[in-house]
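Undergrad: Starting off with a structure, shown below.
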Amino acid sequence: MAQIILNGVKKDISDNISLSELLSDMDLPRFFVVEKNMQIVYRENFDNEFLKDGDSIEIATFCGGG
């Protein structure tokens, strides 16, 4: 097991999980951005970006307004 920080909250995850696997269990809107350890991760890299103990993940979503 590994522990990450997901949007400011500690979360236990399985070892050797990819970012896409983490995100697949989440109900995310169509448009969102992921930051891993203060670096933006592009959507095409989600499958190859593996998480390790101590990583910090931030997920930001977009909303419209007027």
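The values are calculated or read from the model by the stated rules, or taken from the named source; none is laboratory data. This structure is a prediction, so every number in the text was calculated from the model and none was measured. Because the Cβ atoms are built from the backbone with ideal geometry, glycine has one as well, and the counts that use them run over all protein chains shown. Each accessible area value is taken on the protein alone, full model and side chains, heavy atoms only, with ligands, DNA and RNA left out. Shrake-Rupley method; radii C 1.70, N 1.55, O 1.52, S 1.80 Å.
Undergrad: Among what's in segment 50-64 and is assigned to a loop (DSSP other than H, G, I, E, B) and on the phi < 0 side of the Ramachandran plot, pick the residue that is modelled with the lowest pLDDT.
TA: That would be 64.
Undergrad: Could you check how many residues of segment 1-49 are part of a strand (DSSP E or B) and either open to solvent by 100 Å² or more (accessible area, probe 1.4 Å) or without any contact (Cβ under 8 Å) to a residue 12 or more places away in the chain (or both)?
TA: 6
Undergrad: Taking segment 50-66 on its own, how many of its residues are among the acidic types (Asp, Glu) and surrounded by 15 or more Cβ atoms within 10 Å (Cβ to Cβ)?
TA: Adding up the residues that qualify gives 2.
Undergrad: Are there any pairs, at least 6 apart or on different chains, whose C-beta atoms fall under 6 Å, with the first in segment 50-61 and more than 15 Å from residue 12 (Cβ to Cβ) and the second in a strand (DSSP E or B), and if so, which?
TA: Cβ pairs passing all conditions: 50/18; 58/35; 59/32; 59/34; 60/33; 61/32.
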